[in-house]
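Below: one structure, written as structure tokens.
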Amino acid sequence: NAGVMQNPRHLVRRRGQEARLRCSPMKGHSHVYWYRQLPEEGLKFMVYLQKENIIDESGMPKERFSAEFPKEGPSILRIQQVVRGDSAAYFCASSPVRGQVSEQFFGPGTRLTVL
Amino acid sequence: AQRVTQPEKLLSVFKGAPVELKCNYSYSGSPELFWYVQYSRQRLQLLLRHISRESIKGFTADLNKGETSFHLKKPFAQEEDSAMYYCAPAGGGADGLTFGKGTHLIIQP
């Protein structure tokens with residue numbers, strides 16, 4: 001089991017461009033979480049998805065950010081019209097079951113730099 | 001609002017000395033509590049969870065509901081314990097974890 005995969009590992013965008021971050025959960029996991037880590041901060045929860053459904057997006061900014069987890073393929077975190085403040089490390093995690101007692105398995109992260 | 005505080009950004013102790021990494025939380029309800037660890041050039045991974053009452057790599061964590069704390073302890077630190085440690089409550093109505101800012105633990109030889 002290769003673990004949670006994220007790509008790209010590093011992404012550079014200019015202000016106003018779109019950023020697409022991909023996450024392939026561990027085999028057998030149907031629950032995906034996205035987190036953002038700003039410099040000198042802890043990871044902040046953004047969104048929780050199951051296949052084809054957004055379950056909890058309480059941590060997502062209201063504008064420009066969206067997430068999906070289609071029936072086939074990886075989960076995608078999409079940031080439209082990026083701004084410098086979007087520069088951060090974005091982590092994806094997956095778990096085999098829902099629940100606040102379930103271990104989450106983390107990917108290596110995607111470091112987004114907005115010029 | 002859910003909050004978790006790890007007051008020490010950096011903690012340096014000598015090998016063989018006891019270690020305590022502090023974590024205080026402010027949460028509605030009764031959150032489940034985790035400690036995650038990130039070793040150099042590795043992914044964030046679960047160290048231990050309160051519900052399991054386990055000891056992993058010699059570490060234990062006791063939940064004190066009165067003080068709303070979940071401090072991580074180890075009686076004798078080893079050099080391989082050097083890492084970033086994150087306290088992470090779950091619950092409070094949201095499905096994700098809430099991470100503290102982390103404590104960088106350095107074990108000196």
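Could you tell me how many of the residues in segment A:77-115 are out of contact with any His (no Cβ under 6 Å at 6 or more places or on another chain) and in a loop (DSSP other than H, G, I, E, B)? Show your work before the answer.
If we filter segment A:77-115 for residues that are out of contact with any His (no Cβ under 6 Å at 6 or more places or on another chain), which is where we start, we get A:77-93, A:97, A:99-110, A:112-115.
In the following step, the residues that additionally are in a loop (DSSP other than H, G, I, E, B) were identified as A:80-83, A:87, A:97, A:99-104, A:107-109, A:115.
Residues meeting the conditions: 16.
Considering the conditions (1) exposed (fewer than 14 other Cβ atoms within 10 Å of the Cβ); (2) more than 16 Å from the chain's Cα centre (by Cα); (3) closer than 20 Å to B:PRO89 by Cβ, A:LEU38 is excluded by exactly one of them, (2).
Of these, A:SER58, A:SER94, which one is surrounded by 17 or more Cβ atoms within 10 Å (Cβ to Cβ) and of a type in the set (Ser, Thr, Tyr)? Lay out the reasoning, then the answer.
Values: A:SER58 fails: surrounded by 17 or more Cβ atoms within 10 Å (Cβ to Cβ).
One residue alone meets the criteria, A:SER94.
Answer yes or no: is there a residue in segment A:55-76 that is within 14 Å of chain B (Cβ to nearest Cβ), over 16 Å from A:GLU18 (Cα atoms), in a strand (DSSP E or B) and modelled with pLDDT under 95. Yes, some residue in segment A:55-76 is within 14 Å of chain B (Cβ to nearest Cβ), over 16 Å from A:GLU18 (Cα atoms), in a strand (DSSP E or B) and modelled with pLDDT under 95. The strands (runs of 3 or more DSSP E) falling completely within segment B:22-109 that include 1 or more residues that are out of contact with any Phe, Trp or Tyr (no Cβ under 6 Å at 6 or more places or on another chain) and within 14 Å of chain A (Cβ to nearest Cβ) map to B:24-26, B:32-38, B:45-49, B:83-91, B:94-97, B:103-108. Scan segment A:3-17 and tell me whether some residue there is of a type outside the set (D, E, K, R) and under 22 Å from B:PRO89 (Cα atoms). Yes, segment A:3-17 contains a residue that is of a type outside the set (D, E, K, R) and under 22 Å from B:PRO89 (Cα atoms). Restricting attention to segment A:22-52, the residues being in a strand (DSSP E or B) and within 12 Å of chain B (Cβ to nearest Cβ) number 15.
The values are calculated or read from the model by the stated rules, or taken from the named source; none is laboratory data. These numbers come from a predicted model, not from an experiment. Every residue, glycine among them, receives a Cβ derived from its backbone with ideal geometry; neighbour counts consider all protein chains shown.
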